[in-house]
């Protein structure tokens, strides 16, 4: 039986719920051997001594998911094979801090709704912004879906915005084509700055989950294709085979590599259910080994 891989996994060092050791124990239980831990703007997992001792029993490449922007669209770039010590030095100073973003959302989402005559019954004092992941977005979305006027407005704009927090984020407040866009890209570094950083860190870069960018996907793919090494073609947003096929065809046409990951955060997510072929992990690792040999 062919081995699978998962190259997009989060721990509690960013916005996951499992510690490094808990995650690896679960990975072993699931039979996953080829992986990369890719926390958001954070590589602290790789400084967890107990987790690193466990990681030696896996086939892995270092990783990080960097938040950035292509023009006015917030996106993410996955960096694989990076020097985590140097990455931490950068991220500890310049990394996008989640509670900073949550405060920005808390301040600006009510304002954009107010422009459309909707006053949300949202109290920012109900959110603890001292926490690493304050969950303001979830709190605001809860308020919205319990406000008939807000629901009516969003259903006219895009019914998906009511259905989930993820759609509200990606297709709404992060989408420059949406009426509730709040321009968070202003707080993010540009994608080319991040791909240049990843290269300096000895790694290779992949555009993460293109289908998350909704009707901006084609623009983002075309815009970043000259700066990234590959595209994440396997993801929970590409469960439909035709979506994976679209991305694989794009990679073939543009001589880009392919990666895949489930974007694991919580136990209800899957670590192995997407059946991502391990050959893609092997190709990433082989390219990193070539880069490493070239630096010697």
Can you give the translational diffusion coefficient of segment 2-61 in µm²/s, computed by Stokes-Einstein from the Kirkwood radius over Cα pairs at 25 °C and 0.890 mPa s?
215 µm²/s
At q = 0.19, 0.20 Å⁻¹, what log₁₀ I(q)/I(0) does segment 157-224 have when each alpha carbon counts as one equal point scatterer in the Debye sum?
-0.83, -0.89
FRET E, pair residue 25, residue 241, Förster distance 22 Å, beta-carbon r, rounded to 0.05
0.10
Rg [Å, one decimal], Dmax [Å, integer] - segment 61-102, C-alpha atoms:
11.3, 31
Sorted largest first, the Cα spans of segment 123-241 on the principal axes come out in Å as 49, 37, 25
Using alpha carbons only, how many degrees (0 to 90, rounded to 10) separate the axis of helix 98-114 from the longest principal axis of the chain?
30 degrees
Which percent of Cα pairs goes in each bin when the distances of the chain are cut into 5 angstrom slices starting at zero?
1, 5, 12, 16, 18, 17, 14, 9, 5, 2, 1, 0, 0
Can you tell me the orientation of helix 84-94 relative to the chain, as the angle in degrees between its alpha-carbon axis and the longest Cα principal axis, to the nearest 10?
20 degrees
Classify segment 226-265: rounded, prolate or oblate, from the alpha-carbon gyration tensor (a ≥ b ≥ c, eigenvalue square roots; a/c under 1.5 rounded; otherwise prolate if a/b is larger than b/c)?
oblate
Tell me, what is the FRET efficiency for residue 151 and residue 267 to the nearest 0.05, using R0 = 35 angstrom and their Cβ-Cβ distance as r?
0.70
What shape does segment 1-148 have by the C-alpha gyration tensor, where a ≥ b ≥ c are the square roots of the eigenvalues, rounded means a/c under 1.5, and otherwise prolate means a/b greater than b/c and oblate the rest?
prolate
Alpha-carbon Debye profile of segment 193-296, log10 I(q)/I(0) at 0.11, 0.14, 0.18, 0.19 Å⁻¹
-0.36, -0.58, -0.93, -1.02
Kirkwood radius from Cα pairs of segment 98-186 plugged into Stokes-Einstein at 4 °C, 1.567 mPa s, gives D in µm²/s equal to 100 µm²/s
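Each value in this text was obtained by applying a stated rule to the coordinates, not by laboratory testing. Computed from a predicted model, the values in this text were never measured in an experiment. Quick reminder, even Gly has a Cβ in these numbers, built from the backbone with ideal geometry, and neighbours come from all protein chains shown.
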